[in-house]
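> Okay, handing you the structure first.
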Amino acid sequence: MRTLSIVIPAYNEGAFIGTLLDRIAAVPTEQLGFGKEIIVVNDGSTDNTEQVAKSHAGVRCFTQVPNQGKGKAVQRGIREATGDYVLIQDADLEYDPNDYLAILSALREKNADVVYGSRTLGQRAIQPGWTLFPGKHANQGKGPWIAGVLLTLWTALLYGRWITDTLTAYKLYPGAVVRAMKLSTSGFETDHEITAKLIRAGMRITEVPISYRPRSLAEGKKIKPRDGLIAVWTLLKYRFKN
């Protein structure tokens with residue numbers, strides 16, 4: 001049986017991470033031949049995130065002090081992961097761990113090296129007919145939706161790859177490949193640095209539809225408009241830089 005390492009970067013997510021860990025434990029990945037390794041990287045939280053994570057049996061928890069940014073937390077989790085594949089999981093409840101099954105199945109069914117869970121495809125599948133905002137969740141702001149579309153176009157222009165949801169948190173990487181990467185970013189843009197390097201390495205990236213429940217800034221969402229501009233620059237930078 002292969003191992004799926006689930007890396008959860010967490011900053012002040014004590015209110016949600018316990019429920020998330022329970023949901024992850026209940027997903028029957030073993031049916032697809034994958035055991036689970038669950039890794040929480042507590043990125044300098046000032047709430048009870050660390051205590052909640054450590055209270056769950058089988059969870060490996062690492063703490064970084066002070067807060068170093070999501071990208072550094074993801075990188076720490078990747079370094080600590082021992083699995084054949086590494087999947088990134090946000091610590092909130094926007095994403096449904098039951099989608100792991102579709103993501104893992106795509107490795108075989110679509111002969112993929114890397115699998116991204118696309119919120120855009122997931123929403124498009126349930127939207128009736130034509131819409132001015134294809135793939136937009138009813139509770140998602142127009143700003144984040146537009147940012148996602150622009151990054152899809154920007155990625156296609158720079159790399160010749162059409163990725164409908166470059167901003168998704170659900171990304172499944174080959175463990176050996178991502179552990180060998182030398183990553184230099186520290187924030188949300190680490191996702192885009194990894195995407196750029198995977199494409200340049202010739203990795204076959206496929207997408208599968210996933211469900212999504214967006215939360216607001218008031219509910220704890222941390223990504224900001226400036227992160228979109230940083231993403232644009234990151235994709236441009238790593239088109240030419242290793």
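> Please give the number of the condition Gly228 fails out of (1) buried (at least 19 other Cβ atoms within 10 Å of the Cβ); (2) closer than 26 Å to Pro97 by Cβ; (3) not hydrophobic (A, V, I, L, M, F, W, C).
Going through (1) buried (at least 19 other Cβ atoms within 10 Å of the Cβ); (2) closer than 26 Å to Pro97 by Cβ; (3) not hydrophobic (A, V, I, L, M, F, W, C) one by one, Gly228 breaks only (2).
> Can you find a residue that is closer than 23 Å to Ala112 by Cα, of a type in the set (Phe, Trp, Tyr), surrounded by 19 or more Cβ atoms within 10 Å (Cβ to Cβ) and over 16 Å from the mean Cα position of the chain (by Cα) anywhere in the range 152-171?
No, that holds for no residue.
> So in the range 1-40, with the set limited to residues that are in a loop (DSSP other than H, G, I, E, B), of a type in the set (A, V, I, L, M, F, W, C) and more than 18 Å from the chain's Cα centre (by Cα), which one is surrounded by the most Cβ atoms within 10 Å (Cβ to Cβ)?
So, considering only residues that are in a loop (DSSP other than H, G, I, E, B), of a type in the set (A, V, I, L, M, F, W, C) and more than 18 Å from the chain's Cα centre (by Cα), the one surrounded by the most Cβ atoms within 10 Å (Cβ to Cβ) is Ala15.
> Specify which of the listed residues (Tyr238, Tyr212) is at pLDDT below 95 and either open to solvent by less than 20 Å² (accessible area, probe 1.4 Å) or within 22 Å of Val115 (Cα to Cα) (or both).
None of the other options fit; the residue is Tyr212.
> Filter the range 122-133 for residues that are assigned to a loop (DSSP other than H, G, I, E, B) and surrounded by 14 or more Cβ atoms within 10 Å (Cβ to Cβ) and give the result.
Of everything in the range 122-133, those that are assigned to a loop (DSSP other than H, G, I, E, B) and surrounded by 14 or more Cβ atoms within 10 Å (Cβ to Cβ) turn out to be Gln127, Phe133.
> While we're here: Val65 fails exactly one of the following numbered conditions: (1) of a type in the set (A, V, I, L, M, F, W, C); (2) more than 21 Å from Tyr212 (Cβ to Cβ); (3) in contact with a helix residue (DSSP H, G or I) (Cβ under 9 Å, 6 or more places away or on another chain). What is the number of that condition?
(3)
The values are calculated or read from the model by the stated rules, or taken from the named source; none is laboratory data. Everything numeric in this text was worked out from a predicted model, so none of it was measured. Using ideal geometry, Cβ is built from the backbone for each residue, glycine included, and neighbour counts are taken over all protein chains shown. For accessibility, only protein heavy atoms count, side chains too; no ligands or nucleic acids. Shrake-Rupley method; radii C 1.70, N 1.55, O 1.52, S 1.80 Å.
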